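Below: one structure, written as structure tokens.
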Amino acid sequence: MAKGGVTMEGADTALAEIEPIRLRLFDWWSRYARDLPWRFGRTTPWGVLVSEVMSQQTQMSRVVPYWTAWMKVWPDAASLAAAPKAEVITAWGRLGYPRRALRLQECAQQVAGQYADRLPRDYGQLVALPGIGDYTASAVMSFAYGERIAVIDTNIRRVLSRVFLGHESTGGAASREERQLAGQVLPEDEAQESFRAEDGGLEDAGAEDSGGQEGSGRLGSADPQIRSAAWRDPPSARWNQAVMELGATVCVARKPACDICPLAGHCRFLKAGLPGLGAGRTRPRQRFAGTDRQVRGAILQALRQASGTPVSRKDLEPLCEDEIRLDRCIASLDEDGLLEIGRDGRLSLPR
DNA sequence: GTCCAGCCTA
DNA sequence: TAGGCGGGAC
């Protein structure tokens, strides 16, 4: 119980400065937030969900072109639900972890079939969808719907832990202390500020908005005024996004840019001299070179490039010295539903 | 070499 | 709770 109800003694000092911290972070956010096309209310809740799934373990900058092309072809759950798997896998391109693409389509099928093509505005229903875990469900609730909910991801854990607790976030699942802290620092929302509170909201705002902003998804080179006009995120949603953004661009894992950090004056970690910087990070990464994952990726890429023409196993042998491994990877891709094996033994993307 | 807006299964 | 699962940026 010493753990449960106990306040975070160590965080008290910093928590007392929560208001100036919020002001500084919000100001920083208004100046430096990246102008990603799914931000600032320019897409639907479904579009937000797609961006979050694509961003799982993948940097935002890599996601942007994929997301833009994807949403053009499949702007809603229903259209994605009806797409051929091969096209979905191909459109996923080299984003990595292609099983995410299949799960996203399964998710689309459930949304289209069970929810009349309207993404649920309920954490429990979201988290029950394929490929949607705690983070993504929370992110959609906050970013797409403006609901007040603490979002917990690796960036937020790192930033909050550093600023308020003065040490690095631990590996593994979020600790109880981290979750409690995230809830404590989350701003309250004024009822009237809660944007998209009314039913409908921007459910169909898709891509019209300002006439002719098509593909770019940008608002010119960041006129703060234009941007802020589009900002209707309630404080809690802005906070979640701003903390994440700070973690992604300034308060990074290995070499944080404390010299330009808006929270430097309030950061317990910095004050303490960055003890154990970079330590206690998430579990060690698996190597990629020479693993099944690399071979799986190469096989899939070959199938994409074959664009529908079945490929023989023989043609894949150059991708992998070890034939045992090659066959194992083919089998696992088959099990994952990422490829099909024809009667003649040739391989292709599933239909 | 490390890290990344994680999720799922055993 | 541990381990599998891409690929690129730095």
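All other residues whose Cβ lies under 11 angstrom from that of A:G308 are scored, Lys and Arg at +1 and Asp and Glu at -1, for a net of +1.
Subtracting the Cα-Cα distance of A:Q301 and A:Q125 from 0.36 nm times their residue separation leaves 60.0 nm of extension gain. So if I take the centroid of the Cα atoms in segment A:18-89 and the same for segment A:98-145, what is the distance between those two points in Å? Each part reduced to its Cα centre gives a spacing of 14 Å. Eigen-decomposition of the gyration tensor built on the alpha-carbon atoms of segment A:292-348 gives equivalent ellipsoid semi-axes of 15, 12, 11 angstrom, largest listed first.
Where a number appears in this text, it was derived from the coordinates with a stated rule and is not lab data. All of these numbers come straight from a predicted model, not from anything done at the bench. Ideal geometry is used to build each Cβ from the backbone, glycine not excepted, and the neighbour counts take in all protein chains shown.
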